[in-house]
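Let me begin by presenting the structure, written as structure tokens, before commenting on it.
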Amino acid sequence: MNRTLRGFSLIELLVSMFILATLMGILLPVLPRIRDSAQRATCAAHLSDIGKGVEMFRSDHHEQHPKARYMPPPWLSGDKDPSFNIAMMDYLAVDSGVYVCPGDRVVHSRVYVDAKDQRHTTDSSYTFNLALSGVSYEQSFYAKFLKRPLTQTPVLNDFDGGTFETQDGDMVQVDFFHAKRNVLYVDNHVGLPVSRRK
């Protein structure tokens, strides 16, 4: 019995390589958008979890929001209140993964030294709306003067790209986390900024 082994011919190999190259050419430009969507979805889920903690906080504190800074140390915030994650520590662990947006490579991991010469990291990728610090929605500037509904009043959002100053005076460039910012609103839904909704 004479059996011959047959492999790919040169033409078949070239055609296979051409098909693979064509598929890669189609898929490669789409991969960054897919990654951005996945990171943004994870970030939105984290904000939603934080929103549940805020709801529990408000129900225990006469509907008042936590009294917290706009940005956690070492970022310049202009107030002496604790970081949002510290203010929420009875409801969510201070170093909980929900405070980290996956697209954030700078803000949450910024190292700083406190007054007692101890090293810390920021541990949060989100900014807090100071207009809600220590007050209920009804007492806030948004309700009293802007007449903005709960569905359009932000509580937290992920850092948008820009240059931010630390308490030591360093200027730090922060890239955009993803194409569209996530916002946690007072009614506990997560969505786009009001001005970008369409």
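Looking at Val135, Val183, which one is over 13 Å from the mean Cα position of the chain (by Cα) and surrounded by 14 or more Cβ atoms within 10 Å (Cβ to Cβ)?
One residue alone meets the criteria, Val135.
Name the residue, out of Tyr112, Tyr142, Tyr91, that is of a type in the set (Phe, Trp, Tyr) and closer than 18 Å to Gly53 by Cβ.
The conditions single out Tyr91.
When Arg35 is evaluated against the numbered criteria (1) surrounded by fewer than 14 Cβ atoms within 10 Å (Cβ to Cβ); (2) closer than 20 Å to Leu184 by Cα, which criterion, by number, is the only one it fails?
For Arg35, the failing item is (2).
List the number of the failed condition for Phe177; all other conditions in (1) part of a loop (DSSP other than H, G, I, E, B); (2) surrounded by fewer than 17 Cβ atoms within 10 Å (Cβ to Cβ) hold.
(2)
Which one of Met56, Met89, Met71 is aliphatic (A, V, I, L, M) and buried (at least 18 other Cβ atoms within 10 Å of the Cβ)?
Numbers: Met56 fails: buried (at least 18 other Cβ atoms within 10 Å of the Cβ); Met89 fails: buried (at least 18 other Cβ atoms within 10 Å of the Cβ).
When all the criteria are applied, what remains is Met71.
Please work out which one of (1) charged (D, E, K, R); (2) assigned to a loop (DSSP other than H, G, I, E, B); (3) surrounded by 10 or more Cβ atoms within 10 Å (Cβ to Cβ) is the condition Arg6 fails and give its number.
Just one mismatch for Arg6, condition (3).
Out of the residues in region 63-122 that are assigned to a loop (DSSP other than H, G, I, E, B) and of a type in the set (Phe, Trp, Tyr), state the one that is modelled with the highest pLDDT.
Here the answer is Tyr91.
Can you pull out every residue in region 148-174 that is assigned to a loop (DSSP other than H, G, I, E, B), surrounded by fewer than 20 Cβ atoms within 10 Å (Cβ to Cβ) and either over 19 Å from the mean Cα position of the chain (by Cα) or of a type in the set (Ser, Thr, Tyr) (or both)?
Arg148, Pro149, Gln167, Asp168, Gly169, Asp170
Out of Ser83, Ser109, Ser59, Ser48, I need the residue that is of a type in the set (Gly, Ala, Ser) and free of Cβ contacts under 8 Å to residues at least 12 places away in the same chain. Which one?
Being of a type in the set (Gly, Ala, Ser) and free of Cβ contacts under 8 Å to residues at least 12 places away in the same chain holds for just one of Ser83, Ser109, Ser59, Ser48, which is Ser59.
The values are calculated or read from the model by the stated rules, or taken from the named source; none is laboratory data. Model, not experiment: these values are computed from the prediction. Neighbour counts run over all protein chains shown; Cβ positions are idealised from the backbone, glycine included.
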